[in-house]
Amino acid sequence: MNVSSVARLVGTSPDSLRRWCEEYAPYLSPSAVPPKGTERDFNTHDIRILNYIGAQRKAHALHDEIREQLVTMQRDGWAGLPPLPEEWEEPPPDGRIAVSDAAQHSQHLAEIAAQGIVIAQLRESLQGATERAERAERELSHLQASERATEAEKHELALELERARGEVATLQARLSGYALAGDRPLPLAVIILVTALAAVAVVIVLLVVVRLVLG
């Protein structure tokens with residue numbers, strides 16, 4: 001079970017739950033306190049412990065008092081750890097999950113799938129733009145070495161090269177944003193950053209084009 005689902009059951013915020021996981025890590029499973037960058041996954045025993053911690057905190061117990069109680073219960077094979085209500089058992093006996101959890105998981109998978117399509121399209125566009133830039137650069141180099149090429153031909157090809165380079169820079173900036181997000185939907189801050197980088201790339205290209213036209 002994930003952080004949001006457990007936090008909802010225990011009656012606390014996801015941030016508080018994550019903090020409890022770090023404070024009481026010795027009493028939780030490795031999947032509840034995974035390496036950085038790995039999503040937490042709580043089993044039934046983890047939920048029992050976190051529910052107990054939540055109840056003690058609501059009773060205004062101090063951190064050291066809760067820790068001492070956990071140490072005692074751990075030493076006794078967790079015999080004194082209160083069970084969860086039957087409706088909290090994870091997974092349920094019939095293997096089904098709550099509708100809300102299923103809907104949340106399905107939505108997350110759909111967002112990842114949609115993001116994967118966008119990334120594939122961006123990569124394809126980037127490959128095409130890169131090939132156009134390389135081709136324009138080769139042709140421009142050939143024209144500059146040719147005595148029969150006119151200045152107009154060189155100027156037009158130079159503009160095409162700068163446009164292709166600008167498109168490459170824009171696409172690379174957008175893909176970098178998705179790389180920062182990993183397998184999760186892009187957060188708003190990353191979208192703003194990517195948009196800003198893309199805008200800067202376009203402005204640079206426009207300035208180069210204007211300079212070429214006026215020059």
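Here residue 109 clears all of (1) modelled with pLDDT under 85; (2) in the same structural domain as residue 19 (by TED's automatic domain parsing); (3) of a type outside the set (Phe, Trp, Tyr) except the condition numbered (2).
Okay, residues lined up against (1) surrounded by 12 or more Cβ atoms within 10 Å (Cβ to Cβ); (2) over 28 Å from the mean Cα position of the chain (by Cα); (3) touching a residue at least 12 places away in the same chain (Cβ under 8 Å):
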site	(1), (2), (3)
33	yes, no, yes
36	no, no, no
39	no, no, yes
53	yes, yes, yes
69	yes, yes, yes
83	no, yes, yes
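May I ask you to say which residue of 158, 152, 129 is surrounded by fewer than 12 Cβ atoms within 10 Å (Cβ to Cβ), of a type in the set (A, V, I, L, M) and modelled with pLDDT under 85? Residue meeting the stated conditions: 152.
Here residue 11 fits the description: more than 19 Å from the chain's Cα centre (by Cα) and surrounded by fewer than 15 Cβ atoms within 10 Å (Cβ to Cβ).
Pairing each residue of the stretch 134-159 that is assigned to a helix (DSSP H, G or I) with any residue that is surrounded by 14 or more Cβ atoms within 10 Å (Cβ to Cβ) and among the basic types (Lys, Arg), provided the two are 6+ apart or on different chains, yields C-beta distances under 7 Å for 140/154; 143/154; 144/154.
The values are calculated or read from the model by the stated rules, or taken from the named source; none is laboratory data. The shown structure was predicted, so the numbers you read here are calculated from the model rather than taken from an experiment. Backbone-built Cβ (ideal geometry, glycine too); neighbour counts: all protein chains shown.
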